[in-house]
Amino acid sequence: MPLDALPSSLAQWFASRRWTLHPHQRAMIEAAQAGQSVLLTAPTGGGKTLAGFLPSLIELAQNPPPSLHTLYISPLKALAVDIHRNLGAPIEELKLPIRLETRTGDTPAARRQRQREDPPHMLMTTPESLALMLSHQDADKTFGSLRAVIIDEVHALAGGKRGDLLALGLARLAKLAPEARHVGLSATIAWPDELAAWIGSGGKKVHRIAGDEGPLPQVTMLEPGEELPWAGHMGLHALGEVYRKIGQHQTTLVFVNTRAQAELVFQELWKHNEANLPIALHHGSLVVEQRRKVEAAMAAGKLRAVVATSSLDLGIDWGAVDLVIQIGAPKGVSRLTQRVGRANHRLDTPSEALLVPANRFEALECRAALGAIAARELDGEKPRPGGLDVLAQHVLGMACAAPFTADAMYAEVTSAAPYAALPRNDFDDVLSYVETGGYALQAYDQWRHLFRDSLGQYHIVSPQVARRYRMNIGTIVEAAMLRVRIRGGKVIGEVEENFALGLRNGDTFLFAGQILAFDRIQGMELWASRAKGKKEPKIPSYDGGKLPLSTHLAERVRGLLQQPRSWKDLPPPVRDWLKAQKQRSLLPDRKGLLVETFPRGSYHYLVAYGFEGRPAHQTLGMLLTRRMERAGLKPLGFVATDYVLAIWSLEPARDIDQLFAQDMLGDDLEEWMAESSMLRRSFRNVAVIAGLIERRLPGHEKNRRQVTFNSDLIYDVLRRHQPDHILLRATNADAATGLTDIRRLGLMLARIKGHITHRALDRVSPLAVPILLEIGRETVYGSAIDALIDKADVDELLREAAPD
Amino acid sequence: MTPIRPQHGDVGRLIVNGIELIAEPSGVLWWPATATLIVADLHFEKGSSFARRGVHLPPYDTAATLARLAAAIGPKIRRIICLGDSFHDGKGPASLSFDDAMALARLVNTHEWIWLTGNHDTALPRSLGGQIVTDALRLNGLTFQHQAGDTPVGEVSGHYHPKSHIDVQGRRLSGMCFIHDERRIILPSFGAYTGGLHIDSPPIRALFPTRYRVDLMIRGRLVRREFVPQIAS
């Protein structure tokens, strides 16, 4: 494509690097000239970020105004810094009169102040820093001159609470800077219409530009032998082969699903590492400096492999990666596609990737994912309505910036896509919550945060309210964590408090790729030393990061099960397993639900093949055991995976249709929600985001442990005395997805009604073997360790499950 | 599902200074011989105290605490002793809502009621009714005071909000608890918004240097555990 769309200096710079203009980059320039807002979707490596900035560079190169022109917002601080560096190069080389700065939580106060008084032309920031800037009284002056707002990696923001906050910020920006174009940059996603609407928050019409998709990636599944495990999620059996692949490639990214898995895989890989290849570890609980070091070494081509979690899903351009390995189930097609796209960050060559299933069900899932990628299908949930807790935070922030009337604020927030359908009632309740807590009992009128003047405008009552707001900004609420400090002084990362509290003197655990011995807990720190000896280390588990199987992939897996002709692409042990199941029982069908019951030892087992993801299965398990308890079946426990739920009891389950009747989502659900620890955790997040519980109080620093405890007390009191309070409504909305996934469970119960196939067997079926092996491993910290499975137990189960 | 250890018939029964007392799963202590109920750290009006400082906690804590207290007071109880910190701060008594004040007055007026003062409520108004005691109270071999420390034997106190935990099948269940030996007992806090201090923390450990027992409140039951100090190596 000719470079004539560019001013001569930029054209020369492009030419000097033998770059040409991609069609989508040209389209972006034309859209900008027409003043249009756009959503650009393109795979990684398509020059997407440059496409977003080119129009601004062109405008600024010709005629730089003395004010802020372009705002760039990314989900990662590191990305903002990285883009700043990349964009700095042409600006410097061409001596363009453009000033470029970053503004994140790390920016010193003096520079922040200066940026407000004398803004740069381009500012790179994060959603949280934007919210902070928008809450200042001079936000209109800072942002009034904006011509472009660029949001990078939109697919990672829209649909979550950070996205809600940013959409509200965009609505405010549209008001402060009506002429600014909104520009969204995104990976290819399954719901472009919704994403475009999200970009248009504030009432912009958004045009769509799609980049070239590039060639299909070359993805294969590691052909496992007989050693493919029956259960477990770690994939350690295949690491010898994984190591061989690393040796054959220049740079390999090894993606895993959890931090615990990352630690274990890293440790085991090094046991295979006879050639001493530089292999590093990267996950979200390691200290930032350590992560930056790994990223820098990676970018400099000094590493042969990095074992990483989703902490490397976004951002930084690695350039040289020529192989991506996914160990464990891919969980979703879109996520896998993006991970695979990390290899060969160039458009013209296909990415190479290898899937390594950790058990038999995962082999089915990998096979299904290969089919979806070949068909260029995508998945992922559409964005849900915006959170009321986030809205409460935003409304207070806007009151800090300038007084508003309820009508004007309602009009503004409903112009943000996540809140487009927000009922006026909910808005009024949120406003009342911000004023006085929103309690039915008008107890706090004298201690309000907002007051109304004679024109009906809301003002904050004191600068203290604004100060407190600014300390609590953001939607990321971390679990209570303890810093891990090595004896001798260095902090190397964080573990969850619950894990730390379970450690006894002399216990060893695996962290940051080393085996550490627990020393003691001091304040908010866990002290440890490097361990000697051979004791089996524990592995810290973390709440977050466990994504459930996507509905789309589940659908494909069910399809695979129903078509024996397609089994030829499956590894032989998996094929044999399915054939045995067909002979002994049934295969789950596409629409209904297969339920098997059988006795084993002194217990009776019920196994349901739901394929609805672990959170939904867990909720179902809670509800079913309650019901069985009432029916006198004496349930003893249950265990859930992404595919299956198993319950064991002293009495055999009868009348399966009745057991799975939809009305369990009524009183049983209510009752369970009142005491569910998952709901309490959700409530805590909601209470922190809405500002009821502070991250820190000015003056007295509150530690995070106290936050956890207090929120439980508030939850109990509030549920009893005002169950429809806005924060409980927000908590229930969160419970519909996320940890409890009640929405997906509800859809399943509706779908299977009248389509439940019950097989009463005399013994365990082949398909039930994996879930029975999960029993007893669930709650062990180290649930983690595949080696825990008792070999004898597997053999015994297999003998029982075998066809006659 | 997590099995809860079955509640033993004798759980909660304990002896301090030779006197039989019963810890209740609700968090109150019963002294059968004198028909007395003892409760610690009610922290009434903690919600409004926070609201004054800018945090709008739900204003239902006093009502919730009162309801639980009323339910814990059986028909055989003649006397109630509150071990201090009954109000979260000095403004607490005046902040009571009309309904809460009436509910409290009904309880106070139908029993022999003794308010000990604590560090949160150093002074209490006469209008509350009952008897206000600003010092330790000695009664038939037991000494009642807000904070443990200087009584040789037979001490009953609150203040520390003790909490503890048990690990069941890899899951940690925590709760408020009673902690006691033959010489003294510390009660859990009863107020709806009161957090806890773990019994392993130095201030509590210092008070129980030898063998001690814990009655842990878990899901409406008590679980008793015995602790024997390990010999330092």
Helix B:98-109 sits at what angle to the longest principal axis of chain B, using alpha carbons and giving 0 to 90 degrees rounded to 10?
-> 60
Mean residue ellipticity at 222 nm from the helices of chain A, using -39,500 (n - 2.57) per DSSP H segment of n ≥ 4 over the full residue count, to the nearest 500 deg cm²/dmol?
-> -12500 deg cm²/dmol
For the pairs A:Lys161/A:Lys204; A:Lys293/A:Lys532; A:Lys141/A:Lys175; A:Lys48/A:Lys205; A:Lys95/A:Lys204; A:Lys245/A:Lys271, note any where the Cα-Cα span goes beyond 24 Å.
-> A:Lys293/A:Lys532; A:Lys95/A:Lys204
When the chain is fully extended, how far beyond the present Cα-Cα distance does A:Gln137 get from A:Arg759, taking 0.36 nm per residue of separation?
-> 217.2 nm
Phi-derived 3J(HN,Hα) across the stretch A:47-56 with the Karplus relation (6.51, -1.76, 1.60, θ = phi - 60°), rounded Hz, x for Gly and Pro, is x, 5, 5, 4, 4, x, 8, 3, x, 5
Is the stretch A:481-530 rounded, prolate or oblate when judged by the Cα gyration tensor, a ≥ b ≥ c being the square roots of its eigenvalues, rounded requiring a/c under 1.5 and prolate requiring a/b larger than b/c?
-> rounded
After finding the eigenvalues of the alpha carbon gyration tensor for chain B, what semi-axes result from the square roots of 5 times each, listed largest first in whole Å?
-> 28, 21, 18
If R0 = 60 Å, then B:Ile15 and A:Gln33, at their Cβ-Cβ distance, give a FRET efficiency to the nearest 0.05 of 0.10
In the stretch A:215-277, GluC sites (Glu not before Pro) in a DSSP loop with at most 13 other beta-carbon atoms within 10 Å = A:Glu226, A:Glu227, A:Glu274
For a footprinting-style exposure proxy, rank A:Leu355, A:Leu798 by other Cβ within 10 Å, fewest first.
-> A:Leu798, A:Leu355
Label point at A:Arg695 placed 7 Å out along Cα→Cβ; residues across the stretch A:435-478 whose backbone nitrogen lies under 19 Å = A:464-478
Cα axis of helix A:239-248 to longest principal axis of chain A: angle in degrees, 0 to 90, nearest 10?
-> 40
Theoretical ellipticity at 222 nm over chain B - DSSP helices of four or more residues, -39500 (n - 2.57) apiece, nearest 500 = -4500 deg cm²/dmol
Label-point gap, in nm, between A:Asn276 and A:Ala750 - each point 7 angstrom along Cα→Cβ = 6.2
How far is it, in nm, from the label point at A:Asp348 to the one at A:Ala661 when both lie 7 Å from their Cα along the line to the Cβ?
-> 6.7
Taking the Cβ-Cβ separation of A:Leu216 and A:Arg654 as r and a Förster radius of 51 Å, what is the calculated FRET efficiency to the nearest 0.05?
-> 0.50
For the stretch A:25-41, in residue order, the Karplus 3J(HN,Hα) values (coefficients 6.51, -1.76, 1.60; θ = phi - 60°; whole Hz; Gly and Pro = x) are 5, 5, 4, 5, 5, 5, 4, 5, 5, 8, x, 8, 7, 9, 10, 9, 10
Please label the shape of the protein assembly as shown as rounded, prolate or oblate, based on the square roots a ≥ b ≥ c of the eigenvalues of the alpha-carbon gyration tensor (a/c under 1.5 means rounded; beyond that, a/b larger than b/c means prolate, else oblate).
-> oblate
Peptide A:495-502, shielding by other chains (average Cβ, 10 Å cutoff) | 2
How far is helix B:61-72 tilted off the main Cα axis of chain B, in degrees rounded to 10, range 0 to 90?
-> 60
B:Asp85's amide H: which non-local residues (gap 5+, or another chain) put their own amide H closer than 5 Å, with H modeled 1.01 Å from N in plane and none for Pro or chain starts?
-> B:Gly118, B:Asn119, B:His120, B:Asp121
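For the ranges A:52-65, A:291-304, what's the packing order if you count other beta-carbon atoms within 10 Å of each residue, average per peptide, and put the highest first?
Listed from highest to lowest mean packing, they are A:52-65, A:291-304.
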Counting other Cβ atoms within 10 Å, which trypsin sites (Lys or Arg not before Pro) in the stretch A:1-92 have at most 16 and lie in a DSSP loop?
-> A:Arg17, A:Arg18
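Among A:368-374, A:601-607, A:389-395, what's the highest-first ranking by average C-beta atoms within 10 angstrom per residue?
A:389-395, A:368-374, A:601-607
We did not get these values from a lab; they are worked out from the coordinates using the rules stated. Just so it is clear, the model here is predicted, and its values are computed rather than measured. No Cβ is skipped: glycine too gets one built from the backbone with ideal geometry, and neighbour counts run over all protein chains shown.
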